[in-house]
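The values are calculated or read from the model by the stated rules, or taken from the named source; none is laboratory data. Predicted model, so just to flag it, every value in this text is computed and none were measured. Glycine gets a Cβ as well: all are built from the backbone with ideal geometry, and neighbour counts include every protein chain shown. To get the accessible areas, we keep the full protein, side chains included, count just its heavy atoms, and leave off ligands, DNA and RNA. Shrake-Rupley method; radii C 1.70, N 1.55, O 1.52, S 1.80 Å.
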Amino acid sequence: MESPVTAPTHMMNWWTQQRLRCRIARIRLKTVEKLAAREGQQAVKFLAPMLADTDLEVRKAVVQALSGSQDRLAVASLVNALRDSDREIRWRAAKALEAAGWQPASDEQSVWRAVAQGEFLKAADFGAVAVERLVAELEDPHSPSRREVADSLGQIGDARAIRPLLAAVSDPDPNIRVAAVDALNGFSDSDVVAGLIHALKDPIKHVRAVAAAALGKAGDATAVEPLLAVLTDEDWAVRKATGDALARLRDKRAVEPMLGLLNDADQDVRETAVHALGEIRDRSAVGSLVNALVDSQLSVRTLAAGALCKIDPKWEKSEQALRAIPRLKVALRSNDYWVRQSASEVLAKLDKSHIPAPQLDETDANTTAIRVRQQVALGVLVKALSDHDPILRLAASEALGRAADRRLIPPLVGALADPKPWVRHAAAIALDKLNWTPADDSEQALRRAALRAPS
């Protein structure tokens with residue numbers, strides 16, 4: 001026979017179980033709330049299984065009731081709740097476990113907690129073990145964190161993420177598409193390349209730019225033609241990313257289209273074009289790169305010099321370089337001082353590099369043509385010493401001094417009488433470099449006066 005104490009308790013427990021099994025969610029919820037007011041293992045024993053209830057409000061109430069409990073069954077149940085289908089439940093479970101002072105016992109549990117708290121990059125730090133949970137979050141169309149999840153999957157670089165990331169490349173949200181394409185950067189799988197090529201046609205410029213960058217890193221030659229098709233994209237960032245990608249691929253099919261970008265209105269695009277031509281190293285680009293030496297931007301000029309040296313360390317002696325002289329002559333008339341300065345330096349370099357060449361056959365027609373061109377750069381600089389623009393006269397004096405050709409002494413001596421002191425000073429410095437000796441006292445006086453630092 002049951003004692004008078006245990007009988008009512010047994011009946012109460014039975015009745016509680018019946019109410020927790022009721023089909024009406026509101027009754028189950030009220031029962032959970034009553035149990036939450038109790039303490040001890042008996043209440044936990046009833047509450048823990050209710051974390052699997054189909055009703056969201058019931059599960060929320062259970063998590064709230066178990067929050068802070070250090071009971072082993074309560075903690076184990078809350079750990080399982082970190083994988084609940086509802087993100088709010090997962091977040092509440094993580095907070096409840098935090099209140100209890102719980103610490104993950106494995107990397108897997110650490111991932112569960114990080115994802116539940118919305119710390120996706122922290123989850124990615126655990127590597128491959130996080131892929132499954134992150135993929136599930138990415139495939140949840142209601143998740144507000146899919147962009148961060150895509151970034152995290154890209155950080156891991158696990159092949160299991162390729163399929164869901166490729167699916168996200170066609171997502172209606174352009175932010176998701178950008179993140180998915182960027183996450184695929186580094187994969188060289190043929191399906192990935194095909195997906196990235198498709199993304200080059202995306203209506204959003206950011207998607208196209210990121211896709212171009214990813215194709216460059218993939219290193220697949222099948223991407224060359226699709227990339228060339230967007231090299232003239234209306235957006236500068238897409239053109240730049242495409243140029244960078246083609247620079248990585250180093251395919252000679254890109255040379256001619258890349259030459260066209262040397263005149264792009266955007267400085268960054270011109271820089272990319274110059275860099276790409278240097279990486280491809282095709283000699284047909286020499287003439288255009290010589291012209292880039294007088295670009296209005298220093299960064300482009302510097303990259304052009306480096307690209308020329310990559311293609312041909314002796315580019316100054318090439319026929320293509322000499323053909324660029326007309327463009328350099330035009331640059332001497334630029335309103336930009338540094339363009340004029342650069343043009344004069346390049347002209348001086350071309351002249352200096354072609355002065356003595358005794359090994360050439362003087363009877364050959366081609367040799368004669370080369371020698372005619374060799375004198376053009378020198379003549380342009382000498383003529384510039386008489387220009388009305390004092391800045392141009394200064395640039396010409398400095399450039400002629402670097403030419404190291406004693407044939408330049410007479411026009412430079414004439415420049416010692418220039419009305420501008422800094423032009424006279426540059427001419428005197430140039431003459432000293434040429435080891436000039438004044439012919440008489442008047443020339444000596446001109447030299448001394450010119451060497452004084454201009455005020």
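Any idea what the relative contact order of the stretch 1-143 is, in percent, if you count C-alpha pairs under 8 Å spaced at least 6 apart?
Rounded, it is 14 percent for the stretch 1-143.
Protein chains only, probe 1.4 Å: how do Cys22, Cys309 rank by accessible area, largest first? Show your work: numbers first, answer last.
Working: Cys22 35, Cys309 75 Å².
Correct descending sequence by accessible area is Cys309, Cys22.
Which value results when the Cα radius of gyration for the stretch 55-192 is divided by 2.2 N^0.38 Å? Please list the in-between numbers first.
Values: Rg = 16.2 Å, N = 138, 2.2 N^0.38 = 14.3 Å.
It is 1.13.
For the stretch 171-305, divide the Cα radius of gyration by the Kirkwood radius and give the resulting Rg/Rh value with two decimals.
On the way: Rg = 14.8 Å, Rh = 14.8 Å.
With Rg and the Kirkwood Rh in hand, the quotient comes to 1.00.
Per q in 0.06, 0.09 Å⁻¹, report the Debye log10 I(q)/I(0) for the chain, using one uniform scatterer on each alpha carbon and no solvent.
Summing over Cα pairs of the chain leads to -0.52, -0.77.
Show that you can apply the helix-only estimate: for the chain, add -39,500 (n - 2.57) for every DSSP H stretch of four or more residues, divide by all residues, and state [θ] at 222 nm to the nearest 500. Mind showing how you got there, number by number?
Values: 28 runs with 297 residues, N = 455.
Computed ellipticity for the chain at 222 nm equals -19500 deg cm²/dmol.
What number, in percent, do you get for the relative contact order of the stretch 194-281 if the mean sequence gap of Cα pairs under 8 Å and at least 6 apart is divided by its residue count? Please list the in-between numbers first.
On the way: 126 pairs, mean separation 22.4, N = 88.
About 25 percent, as a whole number.
Tell me, what ³J(HN,Hα) does each residue in the stretch 408-414 have, in order and in whole Hz, if you take phi through Karplus 6.51 cos²θ - 1.76 cosθ + 1.60 with θ = phi - 60° and put x for Gly and Pro?
Computed from phi, the couplings for the stretch 408-414 are 8, 4, x, x, 6, 4, x Hz.
Based on the alpha-carbon set only, what is the convex hull volume of the stretch 279-338 divided per residue, in Å³? Please list the in-between numbers first.
Numbers: hull volume 4.2 nm³, N = 60.
Cα-based convex hull of the stretch 279-338, divided per residue, equals 70 Å³.
Work out the charge dipole of the chain with +1 on the Cβ of Lys and Arg and -1 on the Cβ of Asp and Glu about the Cα centre, then indicate which of Pro421, Val274, Ala81 is farthest towards its positive end.
Pro421
Return the loop-located GluC sites (Glu not before Pro) in the stretch 225-314 (DSSP other than H, G, I, E, B) with at most 14 other Cβ atoms within 10 Å of their own Cβ; answer none if there are none.
Answer by residue number: Glu234.
What is the local net charge at Val423, summed over the other residues whose Cβ is closer than 10 Å to its Cβ (Lys, Arg +1; Asp, Glu -1)?
Details: positive: Arg393, Lys420, Arg424; negative: Glu398, Asp418.
Net charge around Val423: +1.
Quick check: Cα centre of the stretch 44-121 to Cα centre of the stretch 380-455, how many Å?
84
Taking Cα atoms, how many degrees apart are the long axis of helix 267-280 and the longest axis of the chain, rounded to 10 and kept between 0 and 90?
80
Give me the net charge of Pro454's neighbourhood, meaning all other residues with Cβ under 9 Å from the Cβ of Pro454; Lys, Arg count +1, Asp, Glu -1.
Working: positive: Lys420, Arg424, Arg452; negative: none.
That works out to +3.
What list of ³J(HN,Hα) couplings, whole Hz, do you get for the stretch 195-206 from phi and the Karplus terms 6.51, -1.76, 1.60, once you set θ to phi - 60° and write x for glycine and proline?
In residue order, the calculated couplings are x, 5, 4, 4, 5, 5, 9, 4, x, 8, 4, 5 Hz.
With +1 on each Lys and Arg Cβ and -1 on each Asp and Glu Cβ, how big is the dipole of the stretch 408-455 about its Cα centre, in debye rounded to the nearest 20?
On the way: 6 positive and 5 negative charges, 46 e Å.
That gives a dipole near 220 debye.
Please give the charge dipole size of the chain, origin at the Cα centre, charges +1 on K and R Cβ atoms and -1 on D and E Cβ atoms. Round to the nearest 20 debye. Display every interim value, and only then the final one.
Numbers: 62 positive and 61 negative charges, 110 e Å.
For the chain, the charge dipole is close to 520 debye.
Take every Cα pair under 8 Å in the chain that's 6+ residues apart, average their separations, divide by the length, and report that relative contact order as a whole percent.
Answer for the chain is 5 percent.
Binned at 5 Å from 0, what are the whole-percent values of the Cα-Cα distance distribution for the stretch 28-76, short to long?
Computed distribution, short to long bins: 4, 26, 40, 22, 8, 0.
Could you tally the net charge around Leu385, taking each other residue with its Cβ under 12 Å from the Cβ of Leu385, Lys/Arg +1 and Asp/Glu -1? Intermediate results must be reported in sequence, preceding the final value.
Details: positive: Lys383, Arg393, Lys420, Arg424; negative: Asp387, Asp389, Glu398, Asp418.
Around Leu385, the charge tally is 0.
May I ask for the angle, rounded to the nearest 10°, between helix 174-183 and the longest principal axis of the chain, with both axes built from Cα atoms and the value confined to 0 to 90°?
Between the helix axis and the principal axis of the chain, the angle is about 80 degrees.
Using per-residue counts of other Cβ atoms within 10 Å, averaged over each peptide, order 134-145, 209-220, 283-294 from highest down.
Numbers: 134-145: 16.2, 209-220: 23.8, 283-294: 22.3.
Top to bottom by mean Cβ count within 10 Å: 209-220, 283-294, 134-145.
On alpha carbon coordinates alone, what is the Rg over Rh value for the stretch 253-357, Rh being the Kirkwood radius? Don't jump to the answer; show the numbers that get you there.
Working: Rg = 12.8 Å, Rh = 13.5 Å.
Here the Rg-to-Rh quotient is 0.95.
Go through the stretch 31-38 residue by residue and turn each phi into a ³J(HN,Hα) via Karplus (6.51, -1.76, 1.60, θ = phi - 60°); whole Hz please, and just put x for glycine and proline.
5, 4, 4, 5, 5, 5, 6, 7
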